[in-house]
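A short worksheet on the structure shown next.
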Amino acid sequence: METINRYTGAKIRNYRKMKKMTIQQLADAIHKSRATVSKYETGDISLDLETLYEISKVLDVGMEQLTDYHPEVEEIVEPSMDYTGISPFFKADRLYFYFYDGRYDRLKESVIDIHKNSVNEDGSYEASLCIHSSTKTGRSSEVYYTGNVLYSDILIRFSFVNQYNKLEQDLLYIFNPLELRDYTEGLLCGISSTDFKPCAFKCLVSLFPQKDFEQLKNRLLLTTKEIRCWQKQNMLMVDNNG
C-alpha cells in the first residue's frame, strides 16, 4: 500500500506542476490544508476515493491516470506460449514504447496503458501515453497524452492528443507480429511543436521494459541503407524485420 501511495502522490505532483499550480492552490481547491496535500504527494497519507475524485477534477485528469500503478518487473520473463492464436500485443494492458530524438540527443522511454474496460463504437479502446525523457545533466520531464488504440491483423494504431495542448496530436503505428516475440517496430508521426514541421520517428514497442539503453539507441538510429532507400522512393518506411 505504501508503494501505491507514493506512486499516486507522485502522479498528483506531476499533474499539478503541469498545470502550474502550487501545493497551496491545490489545497484551497479541494478544501484541505497545505500540509495534508503535501503528505498526499509524498505518499505519507492514503487518499480516500472522494478526495481522489476531487483532485482529479481540479487537475483535469481521469482518476485512472492517478492510480494506474503496475508493480515493477524485476526481470524479463519470456511470454507464455499459450496465446490460443492471438498475438500477445492484443492481450497487453501495458506496453513500453521507445524512440530516439536526435534533435536533443535523447532516448525517450514511454508507457502506454490500454483501458479495455470500455469499447468505443469503432471497436477501439481508450489508451493513455506518458513520455519520459532525461537530459545528460539529470533533469527529467514527463508529457501526458490520451487517445485510443485500434487493432487489426497486421497493424495496431494508436492516436494520442497532448492533454494540455489539444493541437499536438500523434499517431503511432506498430506492426502486429505474426510470430511470438516480446517487441515490435513502428513509426511515430505528427507535427513537431518545436518547429511546426511534419516529423516521424522510428520506434520500438515492447511487452516488457528494456534494460540496455545503449543497445536500444543503436537499434533506433537510422542507418545509411535506410536513408538511401527513403531518398530513392521519396517516402519514409520502417521495416518489420527481426
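The values are calculated or read from the model by the stated rules, or taken from the named source; none is laboratory data. The structure presented is a predicted model; accordingly, all values stated were derived computationally and were not measured. We place every Cβ from the backbone using ideal geometry, glycine too, and count neighbours over all the protein chains shown. Surface accessibility is based on the protein's heavy atoms, side chains included, excluding ligands, DNA and RNA. Shrake-Rupley method; radii C 1.70, N 1.55, O 1.52, S 1.80 Å.
Worth a mention:
- Residue in segment 106-121 that is more than 15 Å from the chain's Cα centre (by Cα) and at positive phi present: no
- The set of residues from segment 147-191 being assigned to a loop (DSSP other than H, G, I, E, B) and of a type in the set (A, V, I, L, M) comprises ILE154, LEU178, LEU180.
- Within segment 220-238, if we keep just the residues that are in contact with a Phe, Trp or Tyr (Cβ under 9 Å, 6 or more places away or on another chain) and open to solvent by 60 Å² or more (accessible area, probe 1.4 Å), the residue that is modelled with the highest pLDDT turns out to be LEU221.
- Contact annotation: residue pairs with Cβ atoms under 6 Å, 6 or more positions apart or on different chains, pairing a residue in segment 97-113 that is closer than 15 Å to CYS189 by Cα with a partner that is in a strand (DSSP E or B) and open to solvent by 60 Å² or more (accessible area, probe 1.4 Å), are TYR98/GLU109.
- Taking the criterion of being open to solvent by 50 Å² or more (accessible area, probe 1.4 Å) and touching a residue at least 40 places away in the same chain (Cβ under 8 Å), the residues of segment 1-13 that qualify are MET1, GLU2, THR3, ILE4, TYR7.
- Among the residues making up segment 152-162, those that are open to solvent by 20 Å² or more (accessible area, probe 1.4 Å), modelled with pLDDT of 90 or more and not polar (S, T, N, Q) are ARG157, VAL161.
- Residues located in segment 192-212, provided they are in contact (Cβ under 8 Å) with a residue 24 or more places away in the chain and open to solvent by 80 Å² or more (accessible area, probe 1.4 Å): THR194, LYS211
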